[in-house]
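Peer 1: Structure below; questions to follow.
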Amino acid sequence: MALIRTFHEHHDNSDCCQLSSGRARPVGGPAARDCGGPTVTGERLLVPVSESSTLRNTVAYAVRNAVEGENRYDAVHFVSPASRRIAGEEYVESARELLDRVEVWAGEDLGEDDPDLTVETALIGVDAYLFSPGDYVELLAGYAEDNGIGSVLLDPEFNPGQNTPLLPPLEAELDGAGFSVETAPVERGTRRERLVRRASLGQFVLLAGLSYGFYLLIGGSLAAFDLVTGAISAGIVATVLWRISLTGPVRPGRLLARIARMLVYTPYLLYEIVVANLAIAYVVLHPSLPIDPEVVEFDAAVWSELPVTTLANSITLTPGTLTVDVTRQHFVVHTLTEGARDDLLDGGLERAVRFVFYGRAAARGPGPRERGDDGGEDS
Amino acid sequence: MVSLYEAAVLALLAGGVFFGIVAAVGLLRMPDLYTRAHAASKADTLGSGLSLAAAAVVFGSGLPTVKTVLLLVFLFITNPTAAHAISRAAADQGIEPWTTEDGGDDG
């Protein structure tokens, strides 16, 4: 089904329509047909790819969109611009491997139920000079022209040169060149989230106080020297980190209530850890190693960052369950045994975390299973 | 003669060593990365926890014990974070978890 083609010198479009004109046409425009290119039977999608953290999701989105989106596509072309002259042979080689990977991913995403979609991958611009966004636009436009493609899907982290951010100018130029351009709505890695946030004086005071207390505790003395150096250290720490460490406004009453409930939660967690540890020790030492690992997914009824982090860490701490990935409140958990799976989906830990952060009433809510989430992987 | 105090320390240490060994055995016996992460990170929490508890008992009440408890707190924060980082990296790389269908007992 999938076909790998390698193209060189896509700058040479003399046998086809002029690059600078006549490309303002609807999706899947007929230009290629007009100038004797391959016959266009349906709409095709061009996806430029490069090594990026969002590439996997972009591929998934492209395939899903092509199969069941508003605009269906007959073919998806994944192309990787890689210039040997600019980036070197190694980069071209890695781009080739990347395309192999993309092809495998697309195959995975297609599954076996849709043979109608053609997936093609191509390495382009190997012998071209690729410097500016304009060069890339020209190259991509040339490829699109030759293959009768009118729509472009961009990976939000697409950056073939791996140097300057290319996407905004590329998006604008492609749009200006008459393509229908979309940026894949995929989740970006956390590193793109804003680290520095607005903060209030309360956060500064809280952080400085915590640092000061910790300093004195570790130092173990209240001598004048320690009091002074501690104050200086706490001041520096709080000045540098007060807008990063703490999120949200400080409400002393709620904070104290949470700390108190955390103190109730800790023995419960410890108890769970001990019980589960014994169960795992039994499994590990059992001669026939009776494990039945399975990945389960569920949406936890906890919100915001700190509760989700607490729940994720508690799940990992409890033997037999290991948090693999968390997106907002969607948990992907690797479970080692049937028993661990049952405990997880019964939601004991989740209720406990809700109790810590939202109070007693919230703890009485249903667990994942009672919410109709059976932990299936199809969610 | 072993006093009650020493017996408590010894029992805690023995428990810590036991779970440490379980972690090592699990690491060797488990079939794939995820299950090994279970063994290595989990039994370790109790293994190191009991060992630290033994240390706390030896120190008696006072500042060193507080520090021991702090150590435990940090272990309980960093340990699952590391396990999560490793398994998430593995999942991002597309490593499929081992299941019982993947084959029999590899001893």
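Peer 1: Which of the residues that make up the stretch A:200-236 are more than 14 Å from chain B (Cβ to nearest Cβ), modelled with pLDDT under 90 and in contact with a Leu (Cβ under 7 Å, 6 or more places away or on another chain)?
Peer 2: Within the stretch A:200-236, A:Gln203, A:Leu206, A:Leu207 qualify.
Peer 1: Give B:Glu6, B:Glu101, B:Glu96 a once-over and let me know the one that is within 25 Å of A:Glu297 (Cβ to Cβ), more than 8 Å from every other protein chain (Cβ to nearest Cβ), in a helix (DSSP H, G or I) and among the acidic types (Asp, Glu).
Peer 2: B:Glu101
Peer 1: I would also like to ask the following. Being of a type in the set (D, E, K, R) and within 12 Å of chain B (Cβ to nearest Cβ): is that true of A:Glu305 here?
Peer 2: No.
Peer 1: Further question on the same structure: So is B:Val69 surrounded by fewer than 16 Cβ atoms within 10 Å (Cβ to Cβ), more than 10 Å from chain A (Cβ to nearest Cβ) and either without any contact (Cβ under 8 Å) to a residue 24 or more places away in the chain or in a helix (DSSP H, G or I) (or both) or not?
Peer 2: yes
Peer 1: How many residues does the stretch A:215-226 hold that are out of contact with any Phe, Trp or Tyr (no Cβ under 9 Å at 6 or more places or on another chain) and part of a helix (DSSP H, G or I)?
Peer 2: 7
Peer 1: Here's something else I'd like to know. Among the candidates B:Ala55, B:Ala91, which residue alone is at pLDDT below 85 and either surrounded by 15 or more Cβ atoms within 10 Å (Cβ to Cβ) or closer than 19 Å to A:Tyr271 by Cβ (or both)?
Peer 2: B:Ala91
Peer 1: Ok, one more. If you take the residues of the stretch B:44-53 that are of a type outside the set (Gly, Ala, Ser) and more than 8 Å from every other protein chain (Cβ to nearest Cβ), which of them is farthest from A:Ile291 (Cα to Cα)?
Peer 2: B:Leu52
Peer 1: Going by the structure shown, is B:Ala56 of a type in the set (Gly, Ala, Ser), under 24 Å from A:Leu317 (Cβ atoms), in a helix (DSSP H, G or I) and within 11 Å of another protein chain (Cβ to nearest Cβ)?
Peer 2: no
Peer 1: While we're on this one: For the stretch A:61-90, give me each residue that is modelled with pLDDT under 80 and under 19 Å from A:Ser50 (Cα atoms).
Peer 2: Within the stretch A:61-90, A:Ser83, A:Arg84, A:Arg85, A:Ile86, A:Ala87, A:Gly88, A:Glu89, A:Glu90 qualify.
Peer 1: Applying the selection to the stretch B:9-43, what residues are more than 7 Å from every other protein chain (Cβ to nearest Cβ), assigned to a helix (DSSP H, G or I), touching a helix residue (DSSP H, G or I) at 6+ places or on another chain (Cβ under 6 Å) and not small (Gly, Ala, Ser)?
Peer 2: B:Val9, B:Leu12, B:Leu13, B:Leu27, B:Leu33, B:Arg36, listed by residue number.
Peer 1: Give the residues of the stretch A:292-316 that are in a helix (DSSP H, G or I) and out of contact with any Lys or Arg (no Cβ under 8 Å at 6 or more places or on another chain), sorted by residue number.
Peer 2: Result: A:Glu305, A:Leu306, A:Thr309, A:Thr310, A:Leu311, A:Ala312, A:Asn313, A:Ser314, A:Ile315, A:Thr316.
Peer 1: Restricting the search to the stretch A:132-161, which residues are more than 24 Å from the chain's Cα centre (by Cα) and of a type in the set (D, E, K, R)?
Peer 2: A:Asp135, A:Glu138, A:Glu145, A:Asp146
The values are calculated or read from the model by the stated rules, or taken from the named source; none is laboratory data. Model, not experiment: these values are computed from the prediction. Don't worry about glycine lacking a Cβ; one is built from the backbone with ideal geometry, like all the others, and counts go over all protein chains shown.
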